[in-house]
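To start, the structure under review is shown below, and the notes come after it.
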Amino acid sequence: MAGITWHYVLKFIITGDPAVGKSSLLVQLTDHEFLKTPEPTLGVEFGSKLIELPEQEKVIKLQCWDTAGSEKFRSITRSYYCGAAGCLLVYDVTNRASFLNARSWLADVRKFADPHLTCILVGNKVDLCEDGQNHKRRQVPTEEGQLWAKEEGMLFVEASAKSGRNVDWAFEEASRDILDKIKRGV
Ligand code: GDP
């Protein structure tokens, strides 16, 4: 791959309820750090990163748009769906309402984004319910997330923007799926 900066540029959107950790996932992806008190996203934020998919021998430039989850910005958010190849639909595993509301975010994605877009459902904040007493904080069982993702044709992962667990993987897995679709001419 000498001399090649990247083979594909893929646009991603990150969507879901306010405070589920969308901005934190983006910061973890681009800078590998966790900000304890991130600024609330006003409208849309942008981050870019190169990732390598060795199996496909491809380098991908990810262009990620972190959208604001509040109703106030919903119409701005929608305009960013255009041209996206991938979407991270995020909920918080300790907040059931954010999982239920993911249905309406998915409806928006289906309505305003490309029908072939690859969507990965991300149950964020698993660090809050990993061990001991903490498992009681979990409000969405893993299997429930998995099942809904399967029904809707989405990929699925549980992640933590705090520890970094599965954050890169989520983007890589979605990118692999997108490349696969490109290869199949979808
Ligand atoms: P956004 O509104 O969806 O962009 O959410 P933010 O990224 O602003 O995060 C909202 C709050 O949740 C902040 O206080 C973050 O520090 C916290 N947070 C985000 N991701 C995680 C995570 O994976 N684990 C934990 N424990 N807290 C998180």
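Placing unit charges on each Cβ (+1 for Lys and Arg, -1 for Asp and Glu) gives the chain a dipole about its Cα centre, and among Thr94, His32, Trp65 the Cα reaching farthest toward its positive end belongs to Trp65. Straight-line cross-link reach from Lys183 at under 27 Å between alpha-carbon atoms covers these lysines, not counting any fewer than eight positions away in the same chain: Lys11, Lys49, Lys58, Lys61, Lys111, Lys150. Only helical runs count toward this figure. For the chain, summing -39,500 (n - 2.57) over DSSP H runs of n ≥ 4 and dividing by all residues gives -10000 deg cm²/dmol at 222 nm. Determine which aspartates and glutamates satisfy two conditions relative to Lys22: a Cα distance under 16 Å, and not lying fewer than 8 residues away in the same chain. Hits, sequence-local ones excluded: Asp31, Glu33, Glu39, Glu45, Asp66, Glu71, Asp92, Asp127, Glu158, Asp168.
Here the simple spin-label model places points 7 Å from the Cα toward Cβ, and for Cys82 and Glu52 these points are separated by 3.6 nm. Stretched out straight at 0.36 nm per residue, the stretch from Lys36 to Glu130 would grow longer than its current Cα-Cα span by 31.9 nm. Across the chain, the relative contact order, built from alpha-carbon pairs under 8 Å that are at least six residues apart, equals 24 percent.
Read the figures in this text as sums done on the coordinates, not as results from a lab. Note that the coordinates shown come from a computational prediction; the quantities given were computed from them, not determined experimentally. Positions of Cβ are generated from backbone atoms using ideal geometry, with glycine treated the same way; all protein chains shown enter the neighbour counts.
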